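The values are calculated or read from the model by the stated rules, or taken from the named source; none is laboratory data. Given the structure is predicted, the values throughout are model-derived calculations rather than measurements. Ideal geometry is used to build each Cβ from the backbone, glycine not excepted, and the neighbour counts take in all protein chains shown.
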Amino acid sequence: MKNRILPVFITFAGCTSRCVYCNQHRITGVRPSNVISSARQQISECLSMDAKWTELAFYGGSFSCLPDGIRSELYKLAKETGINTLRFSTSPDCINQKILDESVRNGVKTIELGVQSLDDTVLKANKRPYLASECEAAFAHVKTAVEHAGIQLMTGLYKEDFNSFAKTVDRAVMMRADYARIYPTVVIEETELADLWRTGEYVPLTLADAVARCAYGFILLSASGCDVIRVGLHDSLSVRESALAGAYHPAMGDMVKTVVVQTFINTMGEICVDQRYLNVAYGYGGYLKKLYRENVFIKEGVKPDFKDMSKEIVRVLSEDYKRKLQEQTACYAERLVDSTNNR
């Protein structure tokens, strides 16, 4: 059975500081309110639409930073649904043995840490309340406690450059996360980052730069065995209405995967897929079809595996593969954005 996650957004709840880029109610469309009543309402609405959920997730805040009593009430709400498997996202500064023991007792199988960056200068500039080393230590504890441990990374953060992002990816690879999400920074209304953007202090990534960086991170994380399960914010009216600048695109993930496939074809000379997956081989909007029609071969039963593709890219590029990867992803992303009229 496919895992079906019932999402509960605890907007800003538990956050020990407000990061310069963050406005959760603009992103999720859920405004801050009493966290218990809001969670109860969201759960009720989801169950009224469909009762076949296999897991319940607390997103949008820092679950483990919440007061003990509120966490207890949220666990109670979850138990009342009959859903026995839980997950939550949280900040690395609120992980300790007490929290982990409590999580396991209450059926938490997955914990996702909002890492965002592993460069202390960038973390400080964006008002993240921890050091990179503290984040790595927290994640190591999480991995020993629950079945699945994930991370969120961002690129295009205030005071970040490519070298900073590459450093973050290198350190993230060493953390051995089960899965990762990568989000290009978007300037959202009513944030400190919006003020920095208006004064010219912050310059967002172009769409091409964001696609290139995400593809770079995607390949290196995937090659290490990490499942990159999401690239870019979910497309929603609330995000579209509140995004002022930055690399927001509803098909960000497809564009990044297109660059990954192009890198693979140029590295290996060909790609083999089952007829059902030709759309993956041809990429976003069929962009790769006209470029590589002769390099795409149909092979029954072959499903594209981005981890395997990424491992092969790194293996064949061999020495100095990171520099080569940076150059290739930048080149392919620029051409993709130009050719698909996404400037």
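Which members of the range 208-243 meet the condition of being in a helix (DSSP H, G or I), hydrophobic (A, V, I, L, M, F, W, C), out of contact with any Ser or Thr (no Cβ under 6 Å at 6 or more places or on another chain) and buried (at least 17 other Cβ atoms within 10 Å of the Cβ)? Quick ask: steps written out before the conclusion?
Pass one, the range 208-243, residues in a helix (DSSP H, G or I): 208-223, 237-242.
Adding the requirement that they be hydrophobic (A, V, I, L, M, F, W, C) leaves 208, 210-212, 214-215, 218-221, 223, 237, 239.
Then drop every residue that is not out of contact with any Ser or Thr (no Cβ under 6 Å at 6 or more places or on another chain), which leaves 208, 210-211, 214, 218, 220-221, 237, 239.
Within the range 208-243, 208, 210, 211, 214, 218, 220, 221, 239 qualify.
Do you know which residues across the range 128-161 are closer than 20 Å to residue 196 by Cα, within 19 Å of the chain's Cα centre (by Cα) and of a type outside the set (A, V, I, L, M)? Give the steps one after another, and end with the answer.
Narrowing the range 128-161 to residues closer than 20 Å to residue 196 by Cα: 128-129, 154-161.
With within 19 Å of the chain's Cα centre (by Cα) added as a condition, the list becomes 128, 154-158, 160-161.
The answer is 128, 155, 156, 158, 160, 161.
Pull up the range 258-305, narrow it to residues that are in contact with a Phe, Trp or Tyr (Cβ under 7 Å, 6 or more places away or on another chain), surrounded by 14 or more Cβ atoms within 10 Å (Cβ to Cβ) and not hydrophobic (A, V, I, L, M, F, W, C), then point me to the one that is nearest to residue 208 (Cα to Cα).
258
Among the residues of the range 114-160, count how many are among the charged types (D, E, K, R) and closer than 23 Å to residue 101 by Cβ.
4
Among 224, 242, 236, which is farther than 30 Å from residue 190 by Cβ and not hydrophobic (A, V, I, L, M, F, W, C)?
224
Does residue 76 satisfy being under 15 Å from residue 66 (Cβ atoms) and either surrounded by fewer than 19 Cβ atoms within 10 Å (Cβ to Cβ) or in the same structural domain as residue 167 (by TED's automatic domain parsing) (or both)?
For residue 76, the condition - under 15 Å from residue 66 (Cβ atoms) and either surrounded by fewer than 19 Cβ atoms within 10 Å (Cβ to Cβ) or in the same structural domain as residue 167 (by TED's automatic domain parsing) (or both) - is met.
How about the range 244-308: which helices (runs of 4 or more DSSP H) wholly inside it have at least 3 residues that are over 30 Å from residue 22 (Cβ atoms) and in contact (Cβ under 8 Å) with a residue 60 or more places away in the chain?
Details: elements: 252-268, 278-282, 289-292.
The qualifying helices (runs of 4 or more DSSP H) are 252-268.
So that you can scan it fast, the table gives a plain yes or no per residue for (1) touching a strand residue (DSSP E or B) at 6+ places or on another chain (Cβ under 7 Å); (2) within 27 Å of residue 320 (Cβ to Cβ):
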residue: 237; (1), (2): no, no
residue: 244; (1), (2): yes, no
residue: 263; (1), (2): no, yes
residue: 267; (1), (2): no, yes
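Kindly evaluate residue 313 against the criterion of being in a helix (DSSP H, G or I), among the β-branched types (Val, Ile, Thr) and free of Cβ contacts under 8 Å to residues at least 40 places away in the same chain. First the steps, then the outcome.
Details: in a helix (DSSP H, G or I): yes; among the β-branched types (Val, Ile, Thr): yes; free of Cβ contacts under 8 Å to residues at least 40 places away in the same chain: no.
Answer is no for this residue.
Out of 196, 157, 153, which single residue is in contact with a strand residue (DSSP E or B) (Cβ under 9 Å, 6 or more places away or on another chain), touching a residue at least 24 places away in the same chain (Cβ under 8 Å), under 23 Å from residue 18 (Cβ atoms) and surrounded by fewer than 19 Cβ atoms within 10 Å (Cβ to Cβ)? First the steps, then the outcome.
Working: 157 fails: surrounded by fewer than 19 Cβ atoms within 10 Å (Cβ to Cβ); 153 fails: surrounded by fewer than 19 Cβ atoms within 10 Å (Cβ to Cβ).
Within the list 196, 157, 153, the selection yields 196.
Restricting the search to the range 51-66, which residues are at pLDDT 95 or above and part of a strand (DSSP E or B)?
The answer is 55, 56, 57, 58.
Could you list, in sequence order, all residues of the range 294-333 that are acidic (Asp, Glu) and either within 22 Å of the chain's Cα centre (by Cα) or assigned by TED's automatic domain parsing to the domain that holds residue 211 (or both)?
Start the filter on the range 294-333 by keeping residues that are acidic (Asp, Glu), which leaves 294, 300, 305, 308, 312, 319-320, 327.
Scanning the range 294-333 gives 305, 308.
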